[in-house]
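Participant: Below you will find the structure I want to go over with you.
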Amino acid sequence: MAAAAASAQSWTSTAATCRAHVYGRECSGGVFFNKTKLGTICVKPSSSSSSSSFQVISESRARSLELGGGGRKGGGGAGRGHRRASSAVSTTTTASASSTADGRRTKSAAAEVDLEGPPDRPWIRHVDHHHHPVDDSQSSSPLAMESPPVSAVVADLLLSATAAERVRADSQSEARDSSSSSSSISSSSLPSSSSSSSGTVGTPTMDTKPSILKAVLYGDFLEVQHGSATLRVDKRGRLELRQFRRKTGKEELVVHGQLKLPPHSSSSPEFCKMVVPEDEGGIVVVKWSEDAVLRVVPAGSRKMAKVAQSENGSRAWTENLEEGFVLDFTVRRCKGVLEMAEVTLDIRSAGHWFGGGHFMKQHWPLNRGAFEVGPFFPFDNGPNGLNTLATPQWVTSKGLLVLADADIPFLHVGMNAPRPGPYDGWIQRSWGVGVQNLSKEYLPLTCRGNGDGMLRLQARHSYKCHRMNHPLHDWIPNLSEFHESSDGTRKLTVRFALCAHQNVRDATMAALGTLKKPPNPPPKELVTKPIWTTWARYHAKVTQAKVEQFANEIASRQLQRSVMEIDDKWQTKYGDFVFDPVKFPNPKAMVELLHALGFKVTLWIMPFAEESSLAYKEGGPKGYFISSDAPPTRGLKPGFFRWWQPTPAVALDVTNPDAVKWFVTRLKKLQEENLIDGFKFDAGEPCFLPRRFRTHTPIISPIEYTRLWVQEVASNFEVGEVRTGHRTTSVPLLTRMGDRFSHWGSGNGLRSVIPTLLTSGLLGYPFCLPDMIGGNAYFGSKPDMELLVRWAQANALMPAMQFSIPPWDFSAEAEKLCHSALQVRRLIQNHLLMLADDACRALAPICRPMWWLDPEDDETFPIGDQFAIGDDVIVAPVVVKGQKRRDVYLTRGFWCDLVNPQEVYEGPRWLRNLEAPLNKLPVFKRVDPSAVASHIASQLIQSGHIASTVASQLVAKLIQGADPVSL
């Protein structure tokens with residue numbers, strides 16, 4: 001160590017300038033490296049006030065070393081002897097000293113470093129509040145099983161002057177404390193790693209926005225720390241995310257995964273060759289070879305926003321992220337050898353998973369499904385079950401947040417797929433659009449133990465895949481960088497964020513923090529009163545006479561109403577914004593009648609136009625519709641495609657500003673001429689676009705079409721709804737679920753409604769419209785009375801509700817029961833309005849999963865047939881045919897029935913076999929503990945058990961959380 005100290009002193013004059021070169025790069029922030037015979041030395045400014053004082057951290061490659069006590073917890077053994085003998089030891093000294101009150105010279109307290117680390121995973125522990133003890137017993141990951149020797153690099157990247165000032169102030173305070181006590185903190189006084197592992201260390205102070213990135217290389221793996229999160233990457237591309245938990249006082253595994261490396265790259269000697277500091281953020285570069293590079297950026301840094309900028313140049317998809325890392329993994333495609341950049345994350349290690357998007361079969365949690373690897377953009381019943389809303393964002397019960405850049409070219413995603421492998425072994429799927437898929441099985445399949453257990457994020461070179469055929473399988477962006485090179489190589493990059501939070505609710509709010517907020521909620525009446533639509537009752541046979549009759553029937557029954565939506569087919573031709581004069585002889589008079597009856601009026605609109613329409617004849621020659629490079633097939637002209645109606649159509653080119661202006665101007669003219677209040681914007685999913693489509697402005701991903709349809713067209717109108725979206729959370733319209741089918745099941749039936757509603761909220765769409773009560777009654781499959789009533793009850797307390805099939809078409813009883821459901825809605829409509837306002841500030845869901853009320857309660861994670869409204873109401877509808885009783889879970893706190901509040905329940909608890917006949921919607925509201933305490937005390941006084949003075953004391957204790965039984 002004398003050599004190390006001498007080396008450090010020789011650096012003093014140079015290091016005082018706080019500039020040096022690391023691996024050929026200029027480094028600021030006072031972190032310097034020097035190679036010596038003892039190993040690598042890192043010199044950084046010490047925490048004393050002297051600008052020429054430095055800590056020295058060196059690595060001594062001792063041949064043998066006894067770590068007293070024979071191991072981590074005092075036990076010994078031959079197995080550990082070898083591990084100790086091969087371990088390296090990290091030691092520190094300082095080139096500065098301070099004087100105590102009696103004149104003795106002591107070392108600065110902040111220069112002390114704990115030398116002891118776990119024998120199987122040594123590290124250097126710095127005396128600062130950014131480091132947290134590790135609980136290795138929690139880990140079952142591959143990285144946790146290894147014991148690589150300590151190797152060459154230890155770096156603290158000081159990322160901002162503010163952080164440096166904080167460290168300096170802290171250390172000066174410690175030095176003052178040390179001087180006043182005439183003693184210094186020694187290494188032996190610091191908590192050892194063994195005590196840390198056993199959880200005996202108290203919880204350290206946490207920085208909410210830590211500014212220091214730490215990167216440490218231990219032989220075969222790199223460890224990067226930022227705040228409470230730690231990321232480890234090894235030579236074989238294995239990942240491990242850990243986090244310090246305030247609840248346990250330990251560092252625990254959050255998730256582990258794997259980067260798919262090119263063949264033979266894991267033995268590359270260039271592993272982690274560079275650590276690059278930045279002024280306002282750091283980048284750690286892990287380079288296996290020229291063909292595989294990983295860049296790691298701390299969440300929250302200014303550099304992160306630049307690295308994470310979306311391909312389309314829009315707002316960074318990681319904006320406002322904290323507590324984790326943004327990873328940019330790039331590989332060079334080698335045709336026939338490496339066809340994608342892929343990262344896989346182990347599902348089980350992260351707990352229960354939620355998010356991702358809307359699916360035809362909505363599993364809750366997602367672990368229960370087997371989502372086959374396929375293209376990730378909105379579909380109308382896609383080839384792997386993906387439906388109208390797709391967002392590559394997931395949270396887990398362990399507090400993990402996984403967020404991928406949705407604009408990654410040719411993004412593919414799979415989760416717990418039936419069999420592993422990028423191309424081979426998957427079930428073959430061939431999918432069209434719309435009604436072409438109605439006869440196919442509902443996906444994702446239920447996982448029955450045969451899933452691969454992985455979330456797969458892939459950046460491929462195209463959508464072509466012989467195992468999964470869909471309308472855009474041969475589409476390529478019209479950009480030069482996507483043209484195939486002569487040697488078949490191209491760089492492929494998958495960008496994703498891994499963030500660790502204390503619980504799943506915190507992780508969800510962190511994800512929502514990356515999204516834009518709406519300026520206001522939808523109009524008040526759309527939240528408090530139901531929408532009525534013509535679709536499920538009349539389908540395309542709607543007429544003016546039928547609309548007026550329907551409205552009069554609703555008004556005569558004094559049913560609540562907000563909007564009458566006139567659906568397909570009110571116009572002459574698809575694409576024309578003119579009422580069919582035969583079916584609607586006087587549309588303006590019809591709208592005036594509807595307004596007089598208390599309805600707003602909206603019309604069904606989609607971005608398509610048929611060839612014989614006036615719209616196509618006008619806009620086609622001007623380039624207002626998307627074109628195609630595909631040759632004519634099956635009688636379709638270039639640019640035309642089939643959709644859910646038999647008439648082929650073309651799609652509005654929403655990348656063309658002139659086309660958008662033309663489209664919106666025509667809609668507003670329709671509004672003015674007929675007094676229309678707004679529109680139902682249908683479609684918008686890119687799956688309807690023609691094969692090998694070409695847009696006016698090239699787009700990097702088909703999902704961009706969805707964003708522009710909502711953001712550039714639909715957002716121009718105050719009253720309306722959309723059914724798809726991509727980073728369009730700032731548009732204050734209702735986001736409707738895709739068309740529900742009229743059956744009980746989780747495959748797009750009643751049991752899919754609650755999980756889909758909850759998923760909408762987690763993805764940033766709190767104003768969810770759960771489609772039509774009773775489903776769409778396709779192909780004559782109408783709901784029976786029980787299904788309609790239970791559907792109305794389930795929907796009654798959601799952010800919005802929509803009728804089409806009238807209850808009075810069944811019976812007077814059905815009408816009465818549905819009317820009762822509307823009465824229950826009246827009881828909480830003010831609460832809904834308040835939550836709608838709140839959602840505009842932070843995008844907090846209006847309807848929330850049960851785990852939102854208590855994210856530490858394991859009982860809540862699998863519950864997919866209940867939901868909470870805000871934090872104070874629990875709704876537990878019956879969603880199983882013939883069921884007259886159900887189990888209801890109440891989280892921590894006091895709860896009573898919303899309608900009959902006489903009986904109070906204390907959670908957490910299950911109410912087993914609760915009566916729920918057809919006329920009952922189980923709803924519970926939170927009760928103030930003080931009210932419960934007062935009630936108990938009043939009962940005791942009346943019964944003569946206690947005096948009023950004792951009762952007052954009892955009330956105070958109950959309010960403070962005392963157990964009523966113990967008192």
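Participant: Multiplying the sequence separation of Asn520 and Lys668 by 0.36 nm and subtracting their Cα-Cα distance, what value in nm do you get?
Facilitator: Extra length available between Asn520 and Lys668 comes to 51.1 nm.
Participant: Pull up all non-local amide H partners of Trp317: gap of 5 or more, or a different chain, and H-to-H distance under 5 Å with H placed in the peptide plane.
Facilitator: Ser310
Participant: Roughly how far apart, in whole Å, are the Cα centres of the stretch 649-704 and the stretch 749-811?
Facilitator: 28
Participant: Stokes-Einstein at 10 °C, 1.306 mPa s, Kirkwood radius from Cα pairs: D for the stretch 636-763 in µm² s⁻¹?
Facilitator: Calculated translational D: 97 µm²/s.
Participant: For the residue pair Ser612 and Arg448, what label-to-label distance in nm results when each label sits 7 Å from Cα along the Cα-to-beta-carbon direction?
Facilitator: According to this spin-label approximation, the distance is 4.9 nm.
Participant: Then there is this: Going down the list Lys573/Lys816; Lys464/Lys637; Lys529/Lys925; Lys440/Lys920; Lys680/Lys782; Lys583/Lys617, which pairs span over 32 Å between their C-alpha atoms?
Facilitator: Beyond 32 Å between Cα atoms: Lys573/Lys816; Lys440/Lys920.
Participant: Using only the Cα atoms of the stretch 720-790, what do you get for the radius of gyration and for Dmax, in Å?
Facilitator: Cα-based Rg and Dmax for the stretch 720-790 come out at 12.9, 39 Å.
Participant: Distance check, please: which entries in Lys517/Lys661; Lys546/Lys884; Lys517/Lys569 exceed 27 angstrom between their Cα atoms?
Facilitator: Lys546/Lys884; Lys517/Lys569
Participant: Based only on the alpha carbon positions, what is the Kirkwood hydrodynamic radius of the stretch 599-675, in angstrom?
Facilitator: On the way: mean 1/r = 0.0730 Å⁻¹.
It works out to 13.7 Å.
Participant: Further, regarding this structure: Ranking request for peptides 465-474, 844-853: highest mean number of other beta-carbon atoms within 10 Å first, then the rest in descending order.
Facilitator: 844-853, 465-474
Participant: Please compute the modelled spin-label separation between His595 and Gln829, points set 7 Å along Cα→Cβ, answer in nm with one decimal.
Facilitator: That separation, rounded to one decimal, is 2.2 nm.
Participant: Using a 1.4 Å probe over the heavy atoms of the protein chains, calculate the carbon and sulfur portion of the accessible area of the stretch 624-739 as a whole percent.
Facilitator: That share works out to 48 percent.
Participant: Calculate the dipole size of the stretch 762-853 relative to its Cα centre from +1 charges on Lys and Arg beta carbons and -1 charges on Asp and Glu beta carbons; express the result in debye to the nearest 20.
Facilitator: The dipole magnitude comes to about 240 debye.
Participant: On average, how much accessible surface per residue is there in the stretch 737-867, in Å², for a 1.4 Å probe, leaving out ligands, DNA and RNA?
Facilitator: Result: 26 Å² per residue.
Participant: Can you compute the FRET efficiency between Ala540 and Gln942 using 1/(1 + (r/R0)^6), with r the Cβ-Cβ distance and R0 = 51 Å? Round to the nearest 0.05.
Facilitator: About 0.15, to the nearest 0.05.
Participant: Something else now. Can you give the net charge of the other residues whose Cβ lies under 15 Å from the Cβ of Leu797, counting K and R as +1 and D and E as -1?
Facilitator: +4
Participant: Let me ask something else. What's the local net charge at Lys782, with K and R +1, D and E -1, over the other residues with C-beta under 14 Å away?
Facilitator: -1
The values are calculated or read from the model by the stated rules, or taken from the named source; none is laboratory data. Owing to the predicted nature of the structure, the values given are computational and were not obtained by experimental measurement. Backbone-built Cβ (ideal geometry, glycine too); neighbour counts: all protein chains shown. Accessible surface is based on the protein model in full, side chains and every heavy atom, while ligands, DNA and RNA are left aside. Shrake-Rupley method; radii C 1.70, N 1.55, O 1.52, S 1.80 Å.
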